[in-house]
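Right, one structure below, let's go through it.
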Amino acid sequence: MTTPAPLQGLRVVEFSAFVAAPSAGLALAQLGAEVIRVDPIGGNIDIHRAPRNVAGRSLYWASLNRGKRSVALNVRSAQGRALLQRLICASGQGAAVFLTNLGVDGELSYEALAQLRPDLIMVQLVGSSDGANAVDYTVNCAAGFPGITGSGRDGPVNHVLPAWDLVAGQMLAFAVLAAERHWRATAHGQHVKLALSDVALASAANLGYLADVELNGTQRRADGNFLYGAYGDSFATADGRHAMVVAITDRQWAALLRATGLQDALPKAAAALGQRLDSEDARYAARELISTALRPWFAQRTLAEVAAAFGDRALLWGPYRSFAQMLTEDPRCSEANPMFRRTAQPGIGEVLTAATPLRFGAAEDAPAGISPRLGEHTHAVLREQLALDDAALQALQRAGAIGPA
């Protein structure tokens, strides 16, 4: 017997752009929710965002919207906004969920929508808790992390991963499920707001970084690729590759010393210099000495030879790889990993496509999902959700309120 996907029956209308809200919708769709992404006719501001294929189609947009249904409405027109309002508030057997990270007001505000659907769940991402606009990169620069990234010689360094967008996306998905659970228990909807800036600030607080400043007066500095608070560093190999090594626990530290043959020499050298290596803090304090001792070992070996020497599972290490090297070298980034499927994506081609990383023992593996064509499901969704017939749909299309079928 086929077991339903965990979120089957959950319906979400997503009105969004960029990363955070679309990644939340993707996470929900991959677990079986019906996610209807609404865009303006011609696409939102992220429709052509890089990277793109040779035909100019955004791989970014296509990848973040897999498994969703795409509806294109003229949201600047009164008719188009009325259709979006009706679609959000459409009656059904489940909760009405509206997910957005856009500046919605007027008839798309929570207050207006709740007049039509009092039990509406609206989950909204805003830029900053003080009302200012913000994106991942402006949030990140103010959150302290670029100041401790890199070597510190050339000023702050931005990381290229939109970390706060991705974390916010998962929090938005979590908020949808929490609010829907509350709706099931009480039949009450609610407006859930999340500020992107608060995601970064909460992360800094939750990691103890703010308390460290308040209580200890610590001023963290950029420290290259060293692991803060324990031992970890990156090393160049004989064939021009790089590897990261981490030893947090005593067991991991002992395994690193054994693998590199330094179990006798390095502790003696440290003792001679008045340094200890018997705790996380001590190894962090001695990080320069440790790395100086380890560099020649790596420099004399290829990455393959390092891998052969690091067979002990107690040892934490990993090779640095480009995205291209990941595809060609790492079996986890292939169909050998049940998360991946090689999927024919319309307008893009056959590509390695990721399903949800979650594995539910009581449900079949989720599909990787097909990327929709912009507005592909407009007529079908409006027919199903709003009971519009062909004549009404054609009239709306002629009026420019909806895109073509």
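The values are calculated or read from the model by the stated rules, or taken from the named source; none is laboratory data. These numbers come from a predicted model, not from an experiment. Neighbour counts are summed over all protein chains in view; Cβ atoms, including those assigned to glycine, are modelled from backbone coordinates with ideal geometry. Areas reflect the complete protein model, heavy atoms only, side chains present, ligands, DNA and RNA absent. Shrake-Rupley method; radii C 1.70, N 1.55, O 1.52, S 1.80 Å.
Annotations
- Looking only at region 249-279, and only at residues there that are among the charged types (D, E, K, R) and touching an Asp or Glu at 6+ places or on another chain (Cβ under 9 Å), the one that is surrounded by the fewest Cβ atoms within 10 Å (Cβ to Cβ): ASP278
- Within region 192-226, the set of residues being aliphatic (A, V, I, L, M) and either under 23 Å from the mean Cα position of the chain (by Cα) or in a strand (DSSP E or B) (or both) comprises VAL192, LEU194, ALA195, LEU196, VAL199, ALA200, LEU201, ALA202, ALA204, ALA205, LEU207.
To keep it simple, each residue is scored yes or no on (1) open to solvent by less than 20 Å² (accessible area, probe 1.4 Å); (2) free of Cβ contacts under 8 Å to residues at least 40 places away in the same chain.
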position	(1), (2)
ILE41	no, no
ILE47	no, no
SER70	yes, no
ARG76	no, yes
GLY92	no, no
LEU120	yes, no
VAL126	no, no
THR138	no, yes
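- On the stretch given as region 231-248, residues that are open to solvent by 20 Å² or more (accessible area, probe 1.4 Å) and either free of Cβ contacts under 8 Å to residues at least 12 places away in the same chain or among the acidic types (Asp, Glu) (or both) total 2.
- Going through (1) open to solvent by 50 Å² or more (accessible area, probe 1.4 Å); (2) basic (Lys, Arg); (3) part of a loop (DSSP other than H, G, I, E, B) one by one, ARG66 falls short only on (1).
- Residue-level check: of (1) more than 17 Å from LEU125 (Cβ to Cβ); (2) in contact (Cβ under 8 Å) with a residue 40 or more places away in the chain, VAL54 misses just (2).
- Among residues of region 81-122, those that are touching a Gly at 6+ places or on another chain (Cβ under 8 Å) and either of a type outside the set (D, E, K, R) or not in a helix (DSSP H, G or I) (or both), counted: 13
- Counted residues, region 318-369 - those being more than 18 Å from the chain's Cα centre (by Cα) and at positive phi: 2
- Residues of region 169-209 that turn out to be open to solvent by less than 60 Å² (accessible area, probe 1.4 Å) and free of Cβ contacts under 8 Å to residues at least 24 places away in the same chain, as a count: 5
- Tally of residues being open to solvent by 50 Å² or more (accessible area, probe 1.4 Å), closer than 16 Å to VAL71 by Cβ, free of Cβ contacts under 8 Å to residues at least 40 places away in the same chain and not basic (Lys, Arg) across region 357-400: 3
- Within region 323-355, the set of residues being open to solvent by less than 40 Å² (accessible area, probe 1.4 Å) and of a type in the set (Phe, Trp, Tyr) comprises just one member, PHE340.
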